[in-house]
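Notes follow once the structure below has been shown.
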Amino acid sequence: MIQIKNLNKSFELYNQNNTNINVFKNINFKVDKGEVVALTGNSGTGKSTLLKLIYGSYVISKGDVLIADVNVRKSSPRDILKLRKNKLGYVSQFLRVVPRVPTIEVVIEPLLDIGCEKKIALKKGQEILEILKIPKNLWNLSPLTFSGGEQQRVNIARGFIHNYPYLLLDEPTASLDHNNKNIVLHLIEKAKLNGSAIIGIFHDEIARNKVATREVNLENL
Amino acid sequence: MMQDFLFKASNISKYYGQNVGCKNVSLDINSGEVLGIVGESGSGKSTLLNCIYGNLKVDEGDILLNDKSKTILNFTKIDEPKLRLIQRSDLAFVHQNPRDGLRMNISAGGNIGERLMAIGHRNYGEIREIASSWLEKVEIDVSRIDDKPSTFSGGMQQRLQIARNLVTKPRLIFMDEPTGGLDVSVQAKILDLLRNLVRELGIAAIIVTHDLAVVRLLADRIIVMQNGNVIEAGLCDQVLDDPQHKYSQLLVSSVLQV
C-alpha cells in the first residue's frame, strides 16, 4: 500500500527574492494493491510534484509518504535507491539516458540492476519492445534519435519490464497515437491485475476513464 | 554491519596555511556505488579527492578502507610503502590532466601493460591482448598500440588513462573531472563503460566534476561543496531537482539544462 499522510510541499527559492511557493497542504490518501489512482486538477496544482515526493526526488516539507514499510521522509538515500530498484517504478515524460547506448540496453537496465542474468533480461527486453511495437531495426540504436512517441514507449518499456509492486506514471500516454495508447493502457491494466498499486497522471480523459479505479483531485483536498 | 562499508572518510580537514582546502568533510561509499562531488572551481573538490586518496596529507580526520582481506586500514596511520601498495591494488586515480596519469614516453600498450605487470601478469602475448581489448573499449584504434601517448590527442590521452586505470579492476576509483577534456560522443561512451563496470564488477567510484549532467547520469548520491565545506549531500536526483541550500540552488539553476 502507498499511504500519503498530511503531506505538505513548499519550495523556498533563495535566489529568486526568497520566494516561498506553497504547492499543497495536508494531502491524505491511500492506494491499495490493484488500484490505479488518477491524480487530477489543473496545471500547477502539484500532480507531478506529488509523484516526485513519493519517488524521493523532491524533499517532503511536512507529513509522510509510506510505501509498504518504508517511510520515504525518514529513509536514507541508500534505502530510497533500494526501494526504487526493487519495488518502486517511475515512468516520466522524459527519457534521460546515456547517449549512444542502444535501446535494448536502456530497456533491460532495471533488470540488470536487480541482478537478473543478461540473457534472461535480453529476452524480456525483446518481448516488451515487441509488445510496444518498437521496430526491431531500432533496438540497437540509441533512443535519443527516436521520435517523441518512440522515446516515450522506450520509457514505458523500462518502467514495465520489471513487475514493480508500486508504480508512478507521469503522463504515460501523452505523445502516443490511438493504437499505441491502447497498448500502454493494456500494460497498465495488466500491472493492476497483477496487484501493483499505481498512481498516475493522465490528462487524456478517455485513457483515465479506462484504467483509473479512482480519482484524487488535488484542488479539493 | 560496520564491516560492510568499502571506504569511509570522516571529518577531513586540510589547510593551506591560512586558507581552507576542505573542512570537516565526511563521506562513505559501498561497493557498486557512485558518489559525485560537485561545486564550482575552488570549492575544494579536488583537494578533498586528493586527501582521501592519500595523495595529500590531511590535517585532521580519518580515512578508512575495508581492504580485500576485510582488514580496516586507516590511511593516516599506515606507512608510505603500504599506502602506495594499496593505491596500486585496491584503488585507482584518474587525473583531470592525462599527462599526470600517463607515462608519456612509453607506448599506449605499455601504459596499460605496466599496470598488469605490477599486479603479477607476465605473459607478454596475454598482456598485449588485454591491452588491445582495452584500447577497443575506450575507442582507440588498436593499430596505435605501439605509439606513444605524446602523439595522441588530448581526448585520446584521457581515454588511455582511463583504460590504464581500469585494467587492473580496482575496487574504488577516484576521478577528477574525468570527462572534462573529451568531446561529447566519447564522453558518452566512457560514461556507459563506467556504469557497466560499476554494475558488473561492483566497482565503486568517487567522481569530482562540475558537469551536473555527468553526475546525473552516473552518480547515486552527491555532495555539494562550497569554500571547502559540504553544504548539501544526498540522493543525486533529489539534490539536483530540489536543492535545499541557497548555493546548491544557484549551482543547479546556472546550468543551461541537465
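Helix B:80-89 and the longest principal axis of the C-alpha atoms of chain B enclose an angle of approximately 70°.
Taking Lys and Arg as +1 and Asp and Glu as -1, the other residues whose beta-carbon sits under 11 Å from that of residue B:59 total +2. Among the GluC sites (Glu not before Pro) found in region A:37-140, those both in a DSSP coil and sparsely packed, with 13 or fewer other Cβ atoms within 10 Å of their Cβ, are A:117. Label point 7 Å out from residue B:20 along Cα-to-Cβ: which residues of region B:215-247 have amide N under 17 Å? The answer is B:223-233, B:245-247, whose backbone nitrogens lie closer than 17 Å to the label point. Between the C-alpha center of region A:166-212 and that of region B:41-66 there is a gap of 49 Å.
Using the Cβ of residue B:188 as centre and a radius below 14 Å, the other residues enclosed give a net charge of +2, where K and R count +1 and D and E count -1. Using only side-chain charges placed at the Cβ, +1 for Lys and Arg and -1 for Asp and Glu, the dipole size of region A:98-163 relative to its Cα centre rounds to 120 debye. Taking Cα centre as origin and charging only the Cβ of basic (Lys, Arg, +1) and acidic (Asp, Glu, -1) residues, the dipole magnitude of chain B rounds to 640 debye. Each Lys or Arg adds one and each Asp or Glu takes one away; over the other residues whose Cβ falls under 12 Å from the Cβ of residue A:92, this sums to -1. Projected onto its three principal axes, the C-alpha set of chain A covers 49, 38, 37 Å, listed from the longest axis down. Counting only aspartates and glutamates at least 8 places from residue A:5 when in the same chain, those with an alpha carbon closer than 15 Å to its own are A:32, A:64, A:69. Counting Cβ atoms of other protein chains within 10 Å of each Cβ in B:133-139 and taking the mean gives 0. Sparsely packed loop sites in region B:97-169 (the trypsin sites (Lys or Arg not before Pro) outside DSSP H, G, I, E and B with at most 15 other Cβ atoms within 10 Å) comprise B:103, B:122.
Determine the alpha carbon to alpha carbon distance for each of A:25/B:246; A:9/B:45; A:123/A:190; A:33/A:85 and list only those over 21 Å. Spell out each step's value before the answer.
Values: A:25/B:246 24 Å; A:9/B:45 32 Å; A:123/A:190 19 Å; A:33/A:85 19 Å.
Where the Cα-Cα span goes over 21 Å, the pairs concerned are A:25/B:246; A:9/B:45.
Axis of helix A:77-86 versus longest Cα principal axis of chain A: the two differ by about 50°, to the nearest ten degrees. Among beta bridges identified by DSSP and lying wholly in the protein assembly as shown, the antiparallel ones come to about 50 percent. When a/c reaches 1.5 or more, the comparison of a/b and b/c decides; with that in mind, is region A:139-207 rounded, prolate or oblate per its Cα gyration tensor? Here region A:139-207 falls in the oblate category.
For residue B:31 and residue B:62, FRET efficiency with R0 = 25 Å and r from the beta-carbon atoms, rounded to 0.05?
Taking R0 as 25 Å, the efficiency between residue B:62 and residue B:31 is 0.80.
Mean residue ellipticity, 222 nm, helices only, chain B: the sum of -39500 (n - 2.57) across DSSP H runs of n ≥ 4, divided by residue count and rounded to 500, is -11500 deg cm²/dmol. Region B:223-251 and region A:62-131 have Cα centres spaced 24 Å apart.
Since only A:3, A:114, A:151 are under comparison, the one whose Cα sits farthest along the positive direction of the charge dipole of chain A, derived from C-beta charges on Lys, Arg, Asp and Glu, is A:114. Semi-axes of the equivalent ellipsoid for region A:98-163, please: Cα gyration tensor eigenvalues, times 5, square-rooted, ordered largest first, whole Å. Those come to 18, 12, 11 Å.
Tell me the chymotrypsin sites (Phe, Trp or Tyr not before Pro) within region A:8-108 that lie in a loop according to DSSP and have at most 11 other beta-carbon atoms within 10 Å. Could you put the intermediate results ahead of the total?
Working: sites: A:11, A:14, A:24, A:29, A:55, A:58, A:90, A:94; in loops: A:14, A:58, A:94.
Taking region A:8-108 and a limit of 11 other Cβ atoms within 10 Å, the loop chymotrypsin sites (Phe, Trp or Tyr not before Pro) found are A:94.
Modelled spin labels at residue B:105 and residue A:174, positioned 7 Å past Cα toward Cβ, are 5.9 nm from each other.
Can you tell me which aspartates and glutamates have their Cα less than 18 Å from the Cα of residue B:82? Leave out same-chain residues fewer than eight positions away. Hits, sequence-local ones excluded: B:62, B:67, B:90.
The coefficient of translational diffusion for the protein assembly as shown, derived via Stokes-Einstein from the alpha carbon Kirkwood radius under 37 °C and 0.692 mPa s, stands at 136 µm²/s. Could you pull out which residues in region A:1-29 have an amide N less than 18 Å from a spot 7 Å beyond the Cα of residue A:71, following the Cα-Cβ vector? Output list for this probe position: A:1-9, A:26-29. Think of each Lys and Arg Cβ as +1 and each Asp and Glu Cβ as -1; about the Cα centre, that makes the dipole of region B:103-169 roughly 260 debye.
Could you state the angle between the C-alpha long axis of helix A:178-193 and the longest principal axis of the C-alpha atoms of chain A, as a value from 0 to 90 degrees rounded to the nearest 10? That helix lies at roughly 70 degrees to the long axis.
Each reported figure results from applying straightforward, stated rules to the coordinates on display, with no laboratory input. Predicted, not measured: the structure shown is a model, and the values here were computed from it. When we count neighbours, we look across all protein chains shown, and the Cβ atoms used for this are built from the backbone with ideal geometry, even at glycine.
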